[in-house]
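The values are calculated or read from the model by the stated rules, or taken from the named source; none is laboratory data. These figures come from a predicted structure and were not determined experimentally. All Cβ positions, glycine included, derive from the backbone under ideal geometry; neighbour counts span all protein chains shown.
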Amino acid sequence: MSTFVVIGGAGRTGRRICERLTGGGHRVVVASRSSTPQLDLTGKPDPAIFAGADGVVIVVEPPRDRDAAEAAMHGGVAAVAEIAAREDIPVVLVSQIYLTRAAEHPELRGVIEARARGEQALRESGAQYTIVRPSWLHDLPSAGVRIEQGDTGEGRIGRDAVADAVVAALFDPSASGKTFELYDDEESTSPDWPSVFAALHAD
Ligand SMILES: NC(=O)c1ccc[n+]([C@@H]2O[C@H](COP(=O)([O-])OP(=O)(O)OC[C@H]3O[C@@H](n4cnc5c(N)ncnc54)[C@H](OP(=O)(O)O)[C@@H]3O)[C@@H](O)[C@H]2O)c1
């Protein structure tokens with residue numbers, strides 16, 4: 001049995017990640033502003049929350065306010081990454097598409113730019129990491145899933161498919177150091193994650 005800290009684990013995608021982990025016999029610590037232990041990503045995370053963890057997932061909805069988004073998605077992600085690097089704990093960060101093309105969504109610019117800095121801080125932290133970038137989320141099953149790199153696509157993806165990708169990445173060292181996007185695609189099959197991760201380009 002392994003132990004995983006899921007920051008944002010009571011959210012709609014986070015809950016699905018936790019269900020998969022507990023269903024696999026693992027222990028899950030949900031950390032967020034309204035959980036126990038309490039963790040507000042805009043503040044300084046308590047390193048004790050991560051003691052003995054075998055993996056960390058960050059699946060937090062960013063605040064829309066630019067300064068708060070910067071505090072959570074850059075400062076908070078960087079702080080968790082620093083702890084993870086020190087304690088040798090792999091991190092899976094749920095991010096989003098449009099990170100390299102904020103101009104396409106000016107209304108989200110503050111969030112996107114903060115997230116981009118957070119992604120980069122994680123890459124540079126020395127922690128083992130995977131960055132999963134969902135397209136627009138929905139709650140229906142995904143008929144098939146297309147995996148891309150390079151952040152050029154448009155589309156939607158089911159939260160279940162995102163949870164599958166996150167959990168697969170937690171257990172597969174070949175996902176480490178890689179960033180990818182997820183889209184619904186009826187013409188694609190259900191991913192064979194080990195083959196997908198092995199074929200992805202490293203960052
Ligand atoms: N909506 C979309 O179309 C879309 C597209 C691409 C990517 N995403 C991203 O995918 C992820 C999952 O989205 P979702 O819709 O499933 O999320 P969600 O249901 O909105 O849940 C988000 C979770 O974040 C936690 N949270 C918020 N602020 C926090 C903070 N400062 N510190 C710690 N925890 C905090 C919340 O818990 P508390 O309230 O208890 O803190 C909540 O459990 C998010 O990162 C989201 O931005 C969304």
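Comparison of Ala84, Ala78 shows that the only residue that is buried (at least 24 other Cβ atoms within 10 Å of the Cβ), small (Gly, Ala, Ser) and either within 10 Å of the ligand (Cβ to nearest atom) or at pLDDT 95 or above (or both) is Ala84. Identify, by number, the condition in (1) near the ligand (Cβ under 8 Å from one of its atoms); (2) touching a Pro at 6+ places or on another chain (Cβ under 7 Å) that Leu41 doesn't meet. Evaluating Leu41 over (1) near the ligand (Cβ under 8 Å from one of its atoms); (2) touching a Pro at 6+ places or on another chain (Cβ under 7 Å) leaves (2) as the failure.
Contact map, the range 151-162: residues that are under 13 Å from Asp185 (Cα atoms) paired with residues that are β-branched (Val, Ile, Thr) and within 12 Å of the ligand (Cβ to nearest atom), Cβ distance under 9 Å, separation 6+ or inter-chain. Pairs shown: Gly153/Ile97; Glu154/Ile97; Gly155/Ile97. Among the residues of the range 87-106, those identified as within 15 Å of the ligand (Cβ to nearest atom) and under 27 Å from Arg15 (Cβ atoms) are Val91, Val92, Leu93, Val94, Ser95, Gln96, Ile97, Tyr98, Leu99, His105. Within the range 14-35, the set of residues being closer than 21 Å to Met73 by Cα and without any contact (Cβ under 8 Å) to a residue 12 or more places away in the chain comprises Arg15, Arg33.
Considering the range 13-38, the residues that are loosely packed, with under 15 Cβ neighbours inside 10 Å and polar (S, T, N, Q) include one that is nearest to the ligand (Cβ to nearest atom), namely Ser34. Count of the range 74-102 residues, restricted to those that are closer than 21 Å to Gln149 by Cα and touching a Leu at 6+ places or on another chain (Cβ under 8 Å), is 6. Do the conditions hold for Asp54, that is, is it more than 11 Å from the ligand (Cβ to nearest atom), over 16 Å from the mean Cα position of the chain (by Cα) and among the charged types (D, E, K, R)? When the stated conditions are applied, Asp54 does not pass them. Annotation note: of Ser190, Ser174, the sole residue that is surrounded by fewer than 16 Cβ atoms within 10 Å (Cβ to Cβ), of a type in the set (S, T, N, Q) and on the phi < 0 side of the Ramachandran plot is Ser190. Against the condition out of contact with any Leu (no Cβ under 9 Å at 6 or more places or on another chain), free of Cβ contacts under 8 Å to residues at least 60 places away in the same chain and closer than 24 Å to Gly55 by Cα, how does Glu124 come out, does it pass? Here the answer is yes, as Glu124 does meet what is asked.
A quick yes/no check of all residues on (1) on the phi > 0 side of the Ramachandran plot; (2) more than 12 Å from the chain's Cα centre (by Cα):
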{"position": "Val80", "(1), (2)": "no, yes"}
{"position": "Ile83", "(1), (2)": "no, yes"}
{"position": "Val91", "(1), (2)": "no, no"}
{"position": "Tyr98", "(1), (2)": "yes, yes"}
{"position": "Gly110", "(1), (2)": "no, yes"}
{"position": "Glu113", "(1), (2)": "no, yes"}
{"position": "Ala116", "(1), (2)": "no, yes"}
{"position": "Ala121", "(1), (2)": "no, yes"}
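Report whether or not Pro47 is surrounded by fewer than 23 Cβ atoms within 10 Å (Cβ to Cβ) and either of a type in the set (A, V, I, L, M, F, W, C) or within 13 Å of the ligand (Cβ to nearest atom) (or both). Spelling it out, it is not the case that Pro47 is surrounded by fewer than 23 Cβ atoms within 10 Å (Cβ to Cβ) and either of a type in the set (A, V, I, L, M, F, W, C) or within 13 Å of the ligand (Cβ to nearest atom) (or both). Scanning the range 118-172 for residues that are of a type in the set (Lys, Arg), under 23 Å from Ala81 (Cα atoms) and part of a strand (DSSP E or B) yields a count of 1. In the range 50-63, the count of residues that are out of contact with any strand residue (DSSP E or B) (no Cβ under 7 Å at 6 or more places or on another chain) and among the charged types (D, E, K, R) is one or more.
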